[in-house]
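One structure is given below, encoded as structure tokens.
The values are calculated or read from the model by the stated rules, or taken from the named source; none is laboratory data. The model shown is predicted, which means the values in this text are computed figures rather than measured ones. Reconstructed Cβ throughout: ideal geometry from the backbone, glycine too, with neighbour counts over all protein chains shown.
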Amino acid sequence: MIITFNGLQTFKIQFGDKIIAVNPASKKSVNSKQSARFGADVALVSLAHPDFNGFENNTKNGKEPFVIEGPGEYEVGGITVIGFNSPAQYDGRGFNTIYTMRLEQMNLCFLGALNDINLSSDIFEKIDGVDILFVPIAGGNVLDPAEAYKLSIKLEAKLVIPCHYTSVKDACVSEFLKESGEDKLTPIEKCTIKKRDLEGKNGEVKILSPLK
């Protein structure tokens, strides 16, 4: 599995010939520095907002994504995705979708526009066993660095990938690294990972540089 990052919460996840777009920013987003244009088989949208719902950018190179925009259980081309509703306070939008997905024997969890770590016990049970956690860290409309790290520990994620920033120089990135005790961690352009790479991991952090 190869994971790349285009800023805010836009991720491209590739495994074999399949591509998944996560929360692609649209051209109308005022917070994204650029729209990520790449073809995808599936697009996950956590929030009906330009920072998250630019899936029109993911029709390219013969691919047109199956768009998932809310709670429910989905099966697309052998990919299982489950969405859970959670409260949000993002630019007037009151509902966010947390997604879990199983790929290559790894459990991925995308928290989206989450801004409150006090999730219901039911949601905690449903997202149990997280291998890779994608957690927002910018503060304001989403979790701040301290909250993000606290939640990642509570979820016992093996690998934590923070998001909702546009540059590794953003203050929230350094603050999150201090919270996690990883002050000297070097950002990477992509994360290539297999199930065996997660063996023995407990809260390891990877900082991805937004692609230009």
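A compact table of results
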quantity	calculated
Segments classed as strands (runs of 3 or more DSSP E), wholly inside region 1-111, with at least 2 members that are over 29 Å from Glu199 (Cβ atoms) and among the polar types (S, T, N, Q)	79-90, 93-103
Any hit, region 85-107, residues being farther than 21 Å from Cys163 by Cα, of a type outside the set (D, E, K, R) and surrounded by 15 or more Cβ atoms within 10 Å (Cβ to Cβ)	no
Which listed residue, of Tyr165, Tyr149, is surrounded by 21 or more Cβ atoms within 10 Å (Cβ to Cβ) and either in contact with a Gly (Cβ under 8 Å, 6 or more places away or on another chain) or modelled with pLDDT under 95 (or both)	Tyr165
Any hit, region 135-144, residues being outside any loop (DSSP other than H, G, I, E, B) and within 15 Å of Phe11 (Cβ to Cβ)	yes
Contacts under 8 angstrom Cβ, first residue in region 192-208 being within 16 Å of Glu179 (Cβ to Cβ) and among the charged types (D, E, K, R), partner at pLDDT 95 or above and part of a loop (DSSP other than H, G, I, E, B), 6 or more apart	Glu204/Lys158
Any hit, region 182-191, residues being under 23 Å from Gln105 (Cα atoms), touching a residue at least 40 places away in the same chain (Cβ under 8 Å) and touching a strand residue (DSSP E or B) at 6+ places or on another chain (Cβ under 8 Å)	yes
Among residues of region 115-131, those that are assigned to a helix (DSSP H, G or I) and without any contact (Cβ under 8 Å) to a residue 40 or more places away in the chain, counted	5
Hits in region 152-169 (condition: assigned to a helix (DSSP H, G or I) and either within 14 Å of the chain's Cα centre (by Cα) or among the aromatic types (Phe, Trp, Tyr) (or both))	Ser152
Top-ranked residue in region 170-212 [being in a loop (DSSP other than H, G, I, E, B) and in contact with a Ser or Thr (Cβ under 7 Å, 6 or more places away or on another chain); ranked as modelled with the lowest pLDDT]	Leu211
Residue identified as out of contact with any helix residue (DSSP H, G or I) (no Cβ under 9 Å at 6 or more places or on another chain) and small (Gly, Ala, Ser) among Ser180, Ser152, Ser121	Ser121
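Conditions (1) under 25 Å from Gly78 (Cβ atoms); (2) under 16 Å from the mean Cα position of the chain (by Cα); (3) modelled with pLDDT under 95, marked per residue:
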position: Thr4; (1), (2), (3): yes, yes, no
position: Gln9; (1), (2), (3): yes, yes, no
position: Gln14; (1), (2), (3): yes, yes, no
position: Val22; (1), (2), (3): yes, yes, no
position: Lys33; (1), (2), (3): no, no, yes
position: Ala36; (1), (2), (3): yes, yes, yes
position: Val45; (1), (2), (3): yes, yes, no
position: Gly62; (1), (2), (3): yes, no, yes
